[in-house]
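K.L.:
Got a structure here, written out as structure tokens. Questions coming.
The values are calculated or read from the model by the stated rules, or taken from the named source; none is laboratory data. Everything numeric in this text was worked out from a predicted model, so none of it was measured. Cβ placement follows ideal geometry from the backbone for every residue including glycine, while neighbour counts extend to all protein chains displayed.
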Amino acid sequence: MDNEANIATETLAALYLKGENIEKAYEIYQQLLKQNPTNTKFREKVRELELRLRESGRVSPGGSKSPKQKVDIEHTIRKLRQWLNQIQKARKRSM
């Protein structure tokens with residue numbers, strides 16, 4: 001029965017790939033690899049899909065980022081730049 005569940009999940013991942021839904025296929029293969037850490041087929045699929053996602057710009061090397069995370073990062077960068085400008089202005093005034 002356990003093998004049937006893995007086959008169904010692997011089949012679903014293959015269907016996602018066929019439909020070019022690489023993100024979903026990647027998630028499923030990651031789950032399969034967690035369940036079967038010694039399975040080289042799943043490990044290779046995860047690596048292949050990571051590469052495809054990176055090349056397409058949909059995943060950063062450290063993993064995927066949601067749109068909200070990207071906005072949060074951009075906001076943080078803007079805030080840090082503002083602080084840096086304030087520090088630089090304060091230094092000029094003190095000279």
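K.L.:
Can you find even one residue in the range 54-62 that is among the acidic types (Asp, Glu) and either modelled with pLDDT of 90 or more or not in a helix (DSSP H, G or I) (or both)? So that I can check it myself, show each step before the final result.
P.N.:
The first filter runs over the range 54-62 and keeps only residues among the acidic types (Asp, Glu), leaving 55.
From the residues that got through so far, the ones that are either modelled with pLDDT of 90 or more or not in a helix (DSSP H, G or I) (or both) too are none.
Within the range 54-62, none of the residues are among the acidic types (Asp, Glu) and either modelled with pLDDT of 90 or more or not in a helix (DSSP H, G or I) (or both).
K.L.:
Checking residue 28 against (1) β-branched (Val, Ile, Thr); (2) surrounded by fewer than 18 Cβ atoms within 10 Å (Cβ to Cβ); (3) part of a helix (DSSP H, G or I), only one condition comes out false. Which one?
P.N.:
If we test residue 28 against (1) β-branched (Val, Ile, Thr); (2) surrounded by fewer than 18 Cβ atoms within 10 Å (Cβ to Cβ); (3) part of a helix (DSSP H, G or I), just (2) comes out false.
K.L.:
Here's a check for you: in the range 31-56, which residue that is of a type in the set (Lys, Arg) and free of Cβ contacts under 8 Å to residues at least 12 places away in the same chain is surrounded by the most Cβ atoms within 10 Å (Cβ to Cβ)? Can you show your working first?
P.N.:
Taking the range 31-56 as the starting set, the residues that turn out to be of a type in the set (Lys, Arg) are 34, 41, 43, 45, 47, 52, 54.
Applying the additional criterion that residues be free of Cβ contacts under 8 Å to residues at least 12 places away in the same chain yields 34, 41, 43, 47, 54.
Working: 34: 10, 41: 12, 43: 15, 47: 12, 54: 12.
Taking the candidates together, the pick is 43.
K.L.:
Also: List the residue pairs whose Cβ atoms are under 9 Å apart, where the first residue sits in the range 65-86 and is under 27 Å from residue 27 (Cβ atoms), the second is modelled with pLDDT under 80 and in a helix (DSSP H, G or I), and the two are 6 or more positions apart or on different chains.
P.N.:
65/73
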